[in-house]
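All remarks here apply to the structure that follows.
The values are calculated or read from the model by the stated rules, or taken from the named source; none is laboratory data. Just so it is clear, the structure is predicted and the values come from calculations on it, not from any experiment. Please note: Cβ atoms are built from the backbone with ideal geometry, for glycine as well, and neighbour counts cover all protein chains shown.
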Amino acid sequence: MSRNSFSVLFAAALLAGQLYGAAQAVPLARVVAVVNGDMITERELDKAAAPQLAKEGLSPAKAGDAGEIDRIRKGVLDSMINEKIMLQAAQKLGITVSDEQVDAAFQGAMRDSQLSEEEFRRQIAAQGLNEEEFRERLRNGLVSQSLVRRMVLNKVVVTRDEVDAYYREHSGVMPSGRVRIALLIYPSDADAEDWARRIGNDRDRFLEAARKITVGPNQEGGGDMGFMDVADLAPALRMAVSELKEGQVSPLFATQVSQAQICLLDRAEGEDETGNSSGPDDATRARIEEVLAQPRLQARLADYLRELRSRALVDIRY
């Protein structure tokens, strides 16, 4: 499997909730877990859980929310424990990440977000993070990626025959060539789920909503980004496109700093869709590898986490 495929697969693992970033421990805060001697404080847990609680509209001030808040906090704490265990394993293997790599990841996240630098930083702040904390999350993610690449990814195999068979079965719907999409990036204070419900799968309502509230490119044009090569799309956009037919609207999906949706406005046929190619081109082959490898990577990662956790000393005090 290509190295470029890895970033998308690992991003899917992150969207599935395998890993959470955490700030440095704050002295005197109540400890909610100890992992091989490293503490996780209640303040860290509060900060990590805040975005999900806000997304669900939950508040400790509402008595009826207590049970759901507790469930989410326990899930976030479990993910924080997993991350701490993985970072400790990486440290034992001598895996490090340079400041230059973190800088490149920051610039890549800003580029993939399709936001202006000012709006990108505003969205980071809306998560309760300053730039230093966001960079630390990126660093932890890069370290974890390196660990997974070394210990997990090399055990995930997708054969050429599997790719060819998938292509023959799905060639009519595989995204390739060029697509014209409209992108709606929700501002941090918007109720994205409510907007998505009102938009439904309606192209015109999507464009109208984008003209009103998107913080992404071309607000006046409803977020229309024009024709783009599928292979050049950011991973999150490419994955969303793969599920759509012309005129359809994607479900909400998460980027590093915001929630978004796309509408597939038009599609230009690629070479493989016109019957001029007997098999997938290199870009399409890489995308098929991602699709086939993703569930295998998830399963291997879960096994590896269970193995690490079985050897760890974890004291949960929540």
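Looking at Ala210, Ala231, which is the one that is outside the structural domain of Pro51 (by TED's automatic domain parsing) and more than 21 Å from Val291 (Cα to Cα)? Reasoning before the result, please.
Numbers: Ala231 fails: more than 21 Å from Val291 (Cα to Cα).
Just one listed residue meets the conditions, Ala210.
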| query | Hey, among the residues in segment 280-318 that are of a type in the set (S, T, N, Q) and touching a residue at least 24 places away in the same chain (Cβ under 8 Å), which one's surrounded by the fewest Cβ atoms within 10 Å (Cβ to Cβ)? | reply | Gln298
| message | Checking Trp195 against (1) within 28 Å of Arg296 (Cβ to Cβ); (2) within 21 Å of the chain's Cα centre (by Cα): exactly one of these is not met. Which one? | response | (1)
| message | So Ala210 ticks every box in (1) modelled with pLDDT of 90 or more; (2) in a loop (DSSP other than H, G, I, E, B) but one. Which box is left unticked? | response | (2)
| remark: Of the residues in segment 40-63, those that are outside any helix (DSSP H, G or I), more than 26 Å from Ala260 (Cβ to Cβ) and either in the same structural domain as Glu193 (by TED's automatic domain parsing) or without any contact (Cβ under 8 Å) to a residue 24 or more places away in the chain (or both) come to Thr41, Pro60, Ala61, Lys62
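Given the residues Gly216, Gly222, Gly200, Gly226, which is the only one that is among the small types (Gly, Ala, Ser), crowded, with 20+ Cβ neighbours inside 10 Å and over 12 Å from Ala260 (Cβ atoms)?
Values: Gly216 fails: over 12 Å from Ala260 (Cβ atoms); Gly200 fails: crowded, with 20+ Cβ neighbours inside 10 Å; Gly226 fails: crowded, with 20+ Cβ neighbours inside 10 Å.
Step by step, each of Gly216, Gly222, Gly200, Gly226 is checked, and only Gly222 is among the small types (Gly, Ala, Ser), crowded, with 20+ Cβ neighbours inside 10 Å and over 12 Å from Ala260 (Cβ atoms).
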| Which of the following residues is assigned to a helix (DSSP H, G or I), farther than 26 Å from Leu183 by Cα and out of contact with any Asp or Glu (no Cβ under 7 Å at 6 or more places or on another chain): Ala125, Ala104, Ala89, Ala109? | Ala89
